[in-house]
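Note sheet for the following structure.
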Amino acid sequence: MSSSSSIVGLDIGSTAIRVAVAQGGAEDNLRVIGLAEVPSEGIHKGVVTSIDDAVSAISSCLEKVERMTGSPVEHAWVGINGSHIQAQSSHGVIAVSKPNGEISEDDVARVVEAAQAVATPPNYEILHVLPRSFTVDGQAGIKDPVGMTGVRLEVEAQIIEGQTAQVKNFTKCVYRTGVDIDDLVLGILANTEAVATKRQKELGVAVINIGGATTSLLVCEEGDPLHAAILPVGSGHITNDIAIGLRTSIDVAERLKIDYGQASSSDVGKREEINLSEISAEEGFISRKNLVEIIEARLEEIFSLVDKELGKIDRSGKLPAGIILTGGGAKLPGLVEAAKHQFRLPASLGYPLDVASPLEKVNDPAFSTALGLVRWGLLRAESVKGFSLPKLSSLAKVVDKIKGLSKIFIP
Ligand SMILES: Nc1ncnc2c1ncn2[C@@H]1O[C@H](COP(=O)(O)OP(=O)(O)OP(=O)(O)O)[C@@H](O)[C@H]1O
Ligand SMILES: [Mg+2]
């Protein structure tokens with residue numbers, strides 16, 4: 001296998017760095033041939049805190065997967081996350097260029113570029129422009145205007161931007177490992193590609209990734225992203241709460257969460273006790289009810305912050321395809337039921353779609369961003385190969401083109 005034919009997704013998280021290597025299979029099936037993870041170093045909340053540490057952690061993760069697949073990683077689709085990333089809505093307007101009023105791909109690219117001209121704060125750079133819908137001569141809700149006739153073309157788009165310094169430090173870490181970046185992709189955007197079906201995205205769905213230091217969400221409707229947010233709380237906060245509440249070390253708190261934790265305390269008996277000496281060098285007994293109540297309280301807070309985001313776009317309790325939970329934090333037993341209850345919506349765990357792999361880890365919710373990056377890469381690679389017309393469902397195509405241009409023309 002040559003390394004150029006494989007697609008690599010690199011997810012640099014606060015808790016772990018994960019990489020997925022795949023080959024495009026028959027139809028849309030991904031053949032995942034390598035998955036590796038190492039504990040994260042030098043990264044906190046998606047922000048680089050030590051370049052050297054981050055480079056060595058990323059390198060060791062890449063080496064691990066290279067041993068598995070037997071070929072070097074030369075380039076990768078890299079996921080970016082972090083509370084410095086923000087999303088805003090934007091609007092672009094242009095006059096259609098052809099005298100007969102037929103809208104061309106160029107017009108679409110121009111109007112999306114016009115939407116980019118929003119007031120981005122000076123220390124921020126645009127990561128994605130996600131066109132949501134077009135308006136042709138006042139007729140709104142158009143998904144693909146190419147070939148239609150009109151004089152005035154408008155677009156509604158979501159702009160995702162990150163702090164320039166953070167983005168630069170982040171890319172520097174990857175380049176220093178000797179790997180080229182195919183593109184930087186917002187983690188939750190890639191994650192959604194892996195776990196949400198086309199139909200769910202049409203109906204209205206929210207993908208929620210509970211990581212170690214962040215919880216990110218993406219709401220899709222009519223096939224396209226409607227709202228994205230990265231909240232600065234994650235499952236690591238649950239661990240911290242346990243350590244403080246039960247006065248244990250962080251390591252013991254983490255073990256308690258993973259071995260004895262669950263999302264709801266209602267079915268935990270008051271007399272259930274955990275013997276600390278069974279899981280650590282620490283002595284003493286802990287009430288399991290107490291432990292689960294601590295977890296429950298923080299989880300409720302995380303969910304209510306997410307629900308507030310849904311409220312901002314008037315989708316609280318209103319998403320027909322419900323909630324899909326992913327990320328390492330989603331492995332907490334009883335989480336799905338707790339989500340159903342708090343969001344008043346259907347909920348499920350996110351499993352990667354259309355993936356063929358002998359590796360068990362493909363179904364680990366913590367790997368869903370790395371797998372999503374690979375799927376994202378596959379979709380982009382196909383669009384280049386096939387020269388297909390830009391469809392909004394493969395929205396980033398137009399945008400990638402523009403990003404490429406701006407990279408060339410803007411110093
Ligand atoms: N079985 C489990 N039960 C509960 N929580 C778990 C379980 N396994 C892992 N976690 C938690 O998941 C979190 C890590 O999730 P993940 O690996 O998705 O984070 P990350 O991608 O490194 O972080 P971020 O996305 O915030 O940068 C940790 O806080 C960990 O305690
Ligand atoms: Mg993550």
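The values are calculated or read from the model by the stated rules, or taken from the named source; none is laboratory data. Nothing here was measured: the structure is a model prediction, and the numbers come from that model. Neighbour counts run over all protein chains shown; Cβ positions are idealised from the backbone, glycine included.
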Task: Of residues in region 336-373 being among the aliphatic types (A, V, I, L, M), within 16 Å of ligand 1 (Cβ to nearest atom) and out of contact with any Lys or Arg (no Cβ under 8 Å at 6 or more places or on another chain), the one modelled with the lowest pLDDT - done: V362
- [ ] Within region 337-370, track down each residue that is β-branched (V, I, T) and in a helix (DSSP H, G or I).
- [x] V362, T369
TODO: Please give the strands (runs of 3 or more DSSP E) falling wholly within region 1-103 in which 2 or more residues are away from ligand 2 (no atom under 16 Å from the Cβ) and at pLDDT below 95.
DONE: 16-24, 30-39, 86-95
Open item on the list: Just checking, does region 133-146 include any residue being small (G, A, S), within 29 Å of A321 (Cα to Cα) and surrounded by 24 or more Cβ atoms within 10 Å (Cβ to Cβ)?
Closed with: no
TODO: Name every residue in region 274-330 that is charged (D, E, K, R), under 27 Å from the mean Cα position of the chain (by Cα) and within 17 Å of L246 (Cα to Cα), in order of residue number.
DONE: E296, R298
Task: Residues (touching a helix residue (DSSP H, G or I) at 6+ places or on another chain (Cβ under 7 Å) and either basic (K, R) or farther than 16 Å from P365 by Cβ (or both)) located in region 185-206 - done: V185
Task: So P333, is it modelled with pLDDT under 95 and either within 16 Å of ligand 1 (Cβ to nearest atom) or in contact with an Asp or Glu (Cβ under 8 Å, 6 or more places away or on another chain) (or both) - done: no
TODO: Select from region 163-185 the residues that are hydrophobic (A, V, I, L, M, F, W, C) and more than 19 Å from the chain's Cα centre (by Cα) and list them in ascending order.
DONE: A165, C173, V179
Task: Given (1) outside any helix (DSSP H, G or I); (2) in contact with a strand residue (DSSP E or B) (Cβ under 7 Å, 6 or more places away or on another chain); (3) of a type outside the set (F, W, Y), number of the condition A119 does not satisfy - done: (2)
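Conditions (1) away from ligand 1 (no atom under 16 Å from the Cβ); (2) small (G, A, S), marked per residue:
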residue: S5; (1), (2): yes, yes
residue: L10; (1), (2): no, no
residue: L30; (1), (2): yes, no
residue: V38; (1), (2): no, no
residue: M68; (1), (2): yes, no
residue: S71; (1), (2): yes, yes
residue: G79; (1), (2): no, yes
residue: I94; (1), (2): yes, no
Task: Complete set of residues in region 67-105 that are free of Cβ contacts under 8 Å to residues at least 24 places away in the same chain and either of a type in the set (D, E) or in contact with a helix residue (DSSP H, G or I) (Cβ under 7 Å, 6 or more places away or on another chain) (or both) - done: S97
Task: Selected residue [within 13 Å of ligand 2 (Cβ to nearest atom), surrounded by fewer than 24 Cβ atoms within 10 Å (Cβ to Cβ), under 18 Å from V19 (Cβ atoms) and touching a residue at least 12 places away in the same chain (Cβ under 8 Å)] from G236, G212 - done: G212
TODO: Working only within region 197-209, note down all residues that are surrounded by 19 or more Cβ atoms within 10 Å (Cβ to Cβ) and hydrophobic (A, V, I, L, M, F, W, C).
DONE: V205, A206, V207, I208
Open item on the list: Anything in region 227-260 that is farther than 29 Å from L130 by Cβ and of a type in the set (G, A, S)? List them, or say none.
Closed with: A243, G245, S249, A253
Open item on the list: For the structure I just gave you, tell me whether L379 is away from ligand 1 (no atom under 15 Å from the Cβ) and either part of a loop (DSSP other than H, G, I, E, B) or acidic (D, E) (or both).
Closed with: no
- [ ] Go through the residues of region 379-394 one by one and say whether even a single one is at pLDDT 85 or above, farther than 17 Å from V65 by Cα and not assigned by TED's automatic domain parsing to the domain that holds D144.
- [x] yes
Open item on the list: Just to check your reading of the model, which residue among I295, I324 is within 16 Å of ligand 2 (Cβ to nearest atom) and within 28 Å of E37 (Cα to Cα)?
Closed with: I324
- [ ] Given the conditions (1) closer than 24 Å to V219 by Cα; (2) surrounded by 18 or more Cβ atoms within 10 Å (Cβ to Cβ), report the number of the one that Q86 does not fulfil.
- [x] (2)
